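Report on the structure given below.
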There are 2 protein chains.
Amino acid sequence: MQDSKKNVQSNRRAEIVAIATETFLENGYAGTSMAQLAKACDIQKASFYHHFPSKDALFITCVNEGYADAVNGLIEIRADESLTDWQKIERAIHNLYASIVTSPTGRLSPLIAEVSRTLPGVANAFHKDYITHQRAALEAIVSDGVTNGAFKAQDFDVFHHIVIGPIVTLSLSREMFAKVADLEAHFPVEKLKRGHLDIILRELEI
Amino acid sequence: MQDSKKNVQSNRRAEIVAIATETFLENGYAGTSMAQLAKACDIQKASFYHHFPSKDALFITCVNEGYADAVNGLIEIRADESLTDWQKIERAIHNLYASIVTSPTGRLSPLIAEVSRTLPGVANAFHKDYITHQRAALEAIVSDGVTNGAFKAQDFDVFHHIVIGPIVTLSLSREMFAKVADLEAHFPVEKLKRGHLDIILRELEI
DNA sequence: GTCTATAAGTAGATAGAC
DNA sequence: GTCTATCTACTTATAGAC
């Protein structure tokens, strides 16, 4: 009984965070008002302040959601002993496309840039809790492959730059031009991912 | 006399646009108030409305500035008969890094994402007047090289993805973490550009 | 072309009933 | 936990003097 009550509470909270995230993605941080959020969540403005102390706090919660899942995927891939080094890097790329282009975690990047000066804590947490661990997880997979003699040694700064760059830009482009162009025609995720992956694999060949 | 008067006027206007652009970059579009802009430009709020009919119109002017210069650079590189195809692609990459990472044109990308739903005209103009021409200019340089037998034939969608992706992401990262990290230590433009260029040149080799 | 003053509306956040 | 009602501060934009 206690448990089911708790679940209802946390479900309501999780629901609010999910809807708020979509609303922030549509209108930006400063461009989203508490009134808009209230309407989208079908709740009164004042009721928000029972769940979150401020608009800032709600936004920070939205940004923080999803970090763990995104990074844990990469860590699990590295630990999976049934996979070859080549299979691991391929799965890692798929994982990054999914978590950056599709999920809110990556799509929120331009909003972190938006508030980088006014709420520096958001960018700081994103760097510390997501970027650093994502980078380390990817570096571990590459490093294992090099140690095993499967991959050519890499300058990891450059490798990370050409792996992450196209993925984040694809995500940003799809946010920028969501209302302008046919996204699948102009930014075909599967096709670009395949071409990008081919180049990454070629870079790793000895 | 008429001319010098005109220059004073347009200089004042250009000065306002330059300062407003920096202020928008700092605080985002919705996060920047006319009062902030007025203070930054050392002018009264109401005086803005002599130069621009609205905040929207001022922002659109800020975004549009710099398109022509950025694209013309690539067009001139293609037309320069003193350069080999390899020199052209190398200069094109340098040009893209300069115009996307350093200049306001590229740095404003996250702000275009911010207003993509509320001011879709901004994203539309950016796509039509900048992205399309930049893509076409780069494609022409690659296509010339292929025709001349210097470059391997490319799927240009994928090529554009891996050329532009790391550059735009570098620019976005530097905006996101401007207040968090030592930018040159975490995002060393010259080093990443050199590594990225090496990979692009390798992809073009026959 | 720039100013002071102000209109008309919206922002985030709170008080207190139920 | 959600509601209605409300506060204060701030928003874009305009009016009209100089």
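The values are calculated or read from the model by the stated rules, or taken from the named source; none is laboratory data. For clarity, every value in this text was computed on a predicted model and none was experimentally measured. Cβ placement follows ideal geometry from the backbone for every residue including glycine, while neighbour counts extend to all protein chains displayed.
When B:GLY165 is tested against (1) surrounded by 15 or more Cβ atoms within 10 Å (Cβ to Cβ); (2) under 18 Å from the mean Cα position of the chain (by Cα); (3) more than 8 Å from chain A (Cβ to nearest Cβ); (4) free of Cβ contacts under 8 Å to residues at least 24 places away in the same chain, only condition (3) is not met.
Of the listed requirements (1) more than 16 Å from DNA strand C (Cβ to nearest atom); (2) more than 23 Å from the chain's Cα centre (by Cα), A:GLN44 misses just one: (1).
Of the residues contained in region B:113-128, none is found to be within 16 Å of DNA strand D (Cβ to nearest atom), away from every other protein chain (no Cβ under 12 Å), touching a residue at least 24 places away in the same chain (Cβ under 8 Å) and at negative phi.
Does A:GLU81 satisfy the condition of being within 12 Å of another protein chain (Cβ to nearest Cβ), surrounded by fewer than 19 Cβ atoms within 10 Å (Cβ to Cβ) and more than 11 Å from DNA strand C (Cβ to nearest atom)? Lay out the reasoning, then the answer.
Values: within 12 Å of another protein chain (Cβ to nearest Cβ): no; surrounded by fewer than 19 Cβ atoms within 10 Å (Cβ to Cβ): yes; more than 11 Å from DNA strand C (Cβ to nearest atom): yes.
So A:GLU81 fails the test.
Of all residue pairs spaced 6 or more apart or on separate chains, none has beta-carbon atoms under 9 Å together with a first member in region A:38-58 that is within 14 Å of chain B (Cβ to nearest Cβ) and more than 14 Å from A:ARG12 (Cα to Cα) and a second member that is assigned to a helix (DSSP H, G or I) and within 6 Å of DNA strand D (Cβ to nearest atom).
Annotation: B:LEU108 fulfils all but one of (1) surrounded by fewer than 21 Cβ atoms within 10 Å (Cβ to Cβ); (2) modelled with pLDDT of 95 or more; (3) under 26 Å from B:LYS191 (Cα atoms); the unmet one is (1). Of all positions in region A:19-33, at least one carries a residue that is within 14 Å of chain B (Cβ to nearest Cβ), surrounded by fewer than 16 Cβ atoms within 10 Å (Cβ to Cβ) and within 15 Å of DNA strand D (Cβ to nearest atom).
For region A:141-153, indicate whether the set of residues that are modelled with pLDDT of 95 or more and facing chain B (nearest Cβ under 7 Å) is non-empty.
Checking region A:141-153: not a single residue is modelled with pLDDT of 95 or more and facing chain B (nearest Cβ under 7 Å).
Name the residue, out of A:ILE75, A:ILE131, A:ILE93, A:ILE112, that is within 10 Å of the chain's Cα centre (by Cα) and among the β-branched types (Val, Ile, Thr). Quick ask: steps written out before the conclusion?
Values: A:ILE75 fails: within 10 Å of the chain's Cα centre (by Cα); A:ILE93 fails: within 10 Å of the chain's Cα centre (by Cα); A:ILE112 fails: within 10 Å of the chain's Cα centre (by Cα).
Matching residue, one of A:ILE75, A:ILE131, A:ILE93, A:ILE112: A:ILE131.
The single condition among (1) of a type outside the set (S, T, N, Q); (2) buried (at least 17 other Cβ atoms within 10 Å of the Cβ); (3) at pLDDT below 95; (4) in a helix (DSSP H, G or I) that A:LYS193 does not satisfy is (3). For B:LEU204, the stated conditions do not hold, so it cannot be described as at the interface with another protein chain (Cβ under 7 Å from one of its Cβ atoms) and more than 17 Å from the chain's Cα centre (by Cα).
Residues are listed down the side, and each one gets a yes or a no for (1) within 16 Å of DNA strand C (Cβ to nearest atom); (2) in contact with a Ser or Thr (Cβ under 9 Å, 6 or more places away or on another chain); (3) of a type in the set (Lys, Arg):
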{"position": "B:GLY28", "(1), (2), (3)": "yes, yes, no"}
{"position": "B:SER33", "(1), (2), (3)": "yes, no, no"}
{"position": "B:ALA40", "(1), (2), (3)": "yes, yes, no"}
{"position": "B:GLU65", "(1), (2), (3)": "no, yes, no"}
{"position": "B:ASP69", "(1), (2), (3)": "no, yes, no"}
{"position": "B:GLY73", "(1), (2), (3)": "no, yes, no"}
{"position": "B:ILE77", "(1), (2), (3)": "no, no, no"}
